[in-house]
Amino acid sequence: MFFGDEALERGHDRLEARGDLRARIEDRLADVAFVGDDRLAVLKRDRLAEQRLQHGAASLRVRPVARHACEILEQLLRLRNLLPANERLTHIVVMGMGEPLANLENLLDALQVAGDKEGLGIGARHITISTVGLPAKIRRLADLSKQYHLAVSLHAPDDALRTRIVPTNDKTGLEEILAAATYFFEKTGRQVTFEYVLLGGLNDSVEQARALARLLHGRQAHINLIPFNDVQGLPYRRPAQDALSSFVDVLRRRGIGVKVRKRKGSEIDAACGQLRRSAQSQETVSLGMRQGNEE
């Protein structure tokens, strides 16, 4: 698949000139249908369209949707197109290898189109933005007064352990992250979810559960516990079931809302965190075999 920078810029000018969000979505769909050498057809088509509309578009003052925002939208559109005709996308969770708040402006552009009734029509309350915890960006998001749901990846009840697990913590710290989360709640009225990956023998003890409860005491917060899925080549392991049950019990007895994420796909190495590592391992093996054959 190819998104040409020029195709996006030209296509955007054409669509904004028409002032039609639905057309903008559908034309992006038309563009992503072109693959390989057909990308030249996209460029040619968009240049001709621009020539036909150049006089009208020149008088408009519109802010383009950036290329990276279109790439985010493309993911949503491709998923939508895989659904049966009687189904639709209803929720969005923005998370993964990248840090969503580090790309906040492009993300907001994409979500604005996704949420528009002439776009994908997904309401803000059905959209979750996950972050490792960038306080300034959390506050910026809060000031927009959007109804997006915020999830903060916590993973530890103290700075020393969190910095081991999440190295970027040494630039922020839990106190600043929690203060920003409180600000988000105060500005939006939206409860913040704290994600906590349970790593066997590292952050899953009863004392750490108590420390986590103390850390979040008095806050409008909910904890999403995620038992680690074993990944070959990593030093972490899944917590024992007894440890998981005890951790949940400590939190609930102290009045903290908690939910344990269901495990799906582990039998084929496709559970949370497993798939990318598995693909990387296969690429490494494949590369080694090729090099061996060449020698």
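Rounded to whole Å, give me the distance from the Cα center of region 126-188 to that of region 227-249.
The distance from the Cα centre of region 126-188 to that of region 227-249 comes to 24 Å.
In nm, give the distance between the simple-model label positions of Q147 and A179, each being 7 Å from the Cα along the Cα-to-Cβ direction.
3.1 nm
N86 to R252: extension gain in nm, 0.36 nm per residue of separation minus the Cα-Cα distance? Write out the running numbers ahead of the final one.
On the way: separation 166, 0.36 × 166 = 59.76 nm, distance 3.94 nm.
Length gained between N86 and R252: 55.8 nm.
Return the long-range amide H neighbours of L198 (sequence gap of 5 or more, or a different chain), with a cut-off of under 5 Å between placed amide H atoms.
Placed amide hydrogens put I226, F228 under 5 Å from L198.
Hey, rough spin-label estimate for R140 and L79, points 7 angstrom out along Cα→Cβ, what's it come to in nanometres?
Between R140 and L79, the simple spin-label model gives 2.3 nm.
Quick one: what are the phi-derived ³J(HN,Hα) couplings along region 243-257, Karplus 6.51/-1.76/1.60 with θ = phi - 60°, whole Hz, x for glycine and proline?
With coefficients 6.51, -1.76 and 1.60, one gets 5, 4, 4, 5, 4, 4, 4, 4, 5, 5, 5, 9, x, 9, x Hz.
Just rank R253, R237, fewest to most, by other beta-carbon atoms within 10 angstrom. Don't skip to the end; give the middle numbers.
Working: R253 11, R237 14.
Arranged by neighbour count, lowest to highest, R253, R237 become R253, R237.
Using θ = phi - 60° and the Karplus relation 6.51 cos²θ - 1.76 cosθ + 1.60, list the HN-Hα couplings for region 80-87 in order, rounded to whole Hz, with x at every Gly or Pro.
Those phi angles translate into 4, 6, 7, 7, x, 4, 8, 10 Hz.
Per 0.36 nm of contour for each residue apart, how much would the distance between Q232 and A160 grow if the chain were fully extended, relative to their Cα-Cα spacing? Kindly include the intermediate steps, with their values, before the conclusion.
On the way: separation 72, 0.36 × 72 = 25.92 nm, distance 2.60 nm.
Residue separation times 0.36 nm, minus the Cα-Cα distance, leaves 23.3 nm.
Excluding K137 itself, what net charge comes from residues whose Cβ is under 11 Å from its Cβ, given Lys and Arg +1 and Asp and Glu -1? If you can, show how the numbers build up before the last one.
Numbers: positive: R139, R140; negative: E99, E105, D143.
Net local charge, K137 excluded: -1.
List the residues, sorted by chain then number, that are 5 or more residues from G257 or on another chain and whose placed amide H is less than 5 Å from its amide H.
Hits under the 5 Å cutoff: I223.
What does the charge count around R210 come to, taking other residues whose C-beta lies under 13 Å from its C-beta (Lys +1, Arg +1, Asp -1, Glu -1)? Mind showing how you got there, number by number?
Values: positive: R214, R252, R253, R254; negative: D158, D204, E207, D249.
Charge balance near R210 sits at 0.
Mind checking which of I129, L199, Q112 is farthest towards the positive end of region 92-211's charge dipole, using Cβ charges of +1 (Lys, Arg) and -1 (Asp, Glu) about the Cα centre?
The one lying farthest along the dipole's positive direction is Q112.
In what order do F185, F247 fall by count of nearby beta-carbon atoms within 10 Å, going from fewest to most? List each step's numbers first, then the result.
Working: F185 17, F247 26.
With the sparsest Cβ surroundings first, the list reads F185, F247.
Rule-based calculations on the coordinates, nothing more; no lab input. These numbers come from a predicted model, not from an experiment. Here Cβ is always computed from backbone atoms with ideal geometry, including for glycine, and neighbour counts include all displayed protein chains.
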